[in-house]
């Protein structure tokens, strides 16, 4: 039986330790569009007067309680958030071009590379189909409106780069869904 000794069995000319470092050639691949579509920049649902009356009344009650307990600063925060919500609910979003490329996801010509995205799944926001990417950078999620007819094509193309993984709703997501169903105009 022969005993193997790597130090004695190796030919010194074949060793990479004795040779000069070899250059590594990296071939740059040009960016190629895989899926392109145009959709609104954010989910949008037009609200009626009853919805805003209820929202303003609830914000007023919470604001009054916080004014008595904490003072004016929390009330100013609530007023600013209600105003922001009102503006986002009345002004329709602009149309944006979205692209899935071999390098990443482009939203209005700003690319997020695949190495910054961990997984994706589909969801529904305000009656619109949405693709959700989880990212390692802030804000942690990218939500993009999609056309329902390109959903399977998106799933096939993106699955080559990051995994498709449906995640369960968090406690906060469950609470906001429950609360939104209690408001008028949401069923």
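The values are calculated or read from the model by the stated rules, or taken from the named source; none is laboratory data. As the structure is a computational prediction, the values presented were derived from the model and not from experiment. Glycine also receives a Cβ, built like all others from the backbone with ideal geometry; neighbour counts cover every protein chain displayed.
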Checklist entry - Are there any helices (runs of 4 or more DSSP H) wholly within the stretch 72-182 with 1 or more residues that are closer than 30 Å to residue 30 by Cα, and if so which? => result 151-158
Checklist outcome for this item: Cβ pairs under 8 Å, 6+ apart or interchain, first in the stretch 78-89 and more than 10 Å from residue 63 (Cβ to Cβ), second surrounded by fewer than 11 Cβ atoms within 10 Å (Cβ to Cβ), ordered by first then second residue, are 89/46
Next on the checklist: Given the criteria at pLDDT 80 or above, touching a helix residue (DSSP H, G or I) at 6+ places or on another chain (Cβ under 7 Å) and not in a loop (DSSP other than H, G, I, E, B), does residue 39 qualify?
Outcome noted: no
Checklist outcome for this item: With criteria (1) within 15 Å of the chain's Cα centre (by Cα); (2) touching a residue at least 40 places away in the same chain (Cβ under 8 Å), residue 133 comes up short on (2)
Item to check | Unmet requirement for residue 109, which otherwise passes all of (1) over 29 Å from residue 169 (Cα atoms); (2) surrounded by 16 or more Cβ atoms within 10 Å (Cβ to Cβ); (3) touching a strand residue (DSSP E or B) at 6+ places or on another chain (Cβ under 9 Å) | outcome: (2)
Checklist outcome for this item: Within the stretch 127-170, residues being over 19 Å from residue 35 (Cβ atoms) and in contact with a helix residue (DSSP H, G or I) (Cβ under 9 Å, 6 or more places away or on another chain) number 3
Checklist entry - Residue check: is residue 24 assigned to a strand (DSSP E or B) and over 30 Å from residue 182 (Cα atoms)? => result no
Checklist outcome for this item: When the stretch 94-109 is checked residue by residue, the ones that are over 17 Å from residue 157 (Cα atoms) and modelled with pLDDT of 90 or more are 94, 95, 96, 97
Item to check | Residue under evaluation residue 78, criteria (1) out of contact with any strand residue (DSSP E or B) (no Cβ under 9 Å at 6 or more places or on another chain); (2) within 25 Å of residue 134 (Cβ to Cβ), criterion not met | outcome: (2)
Next on the checklist: So if I check each of 128, 102, 116, which one is over 21 Å from residue 160 (Cβ atoms), surrounded by 14 or more Cβ atoms within 10 Å (Cβ to Cβ) and in contact (Cβ under 8 Å) with a residue 12 or more places away in the chain?
Outcome noted: 128
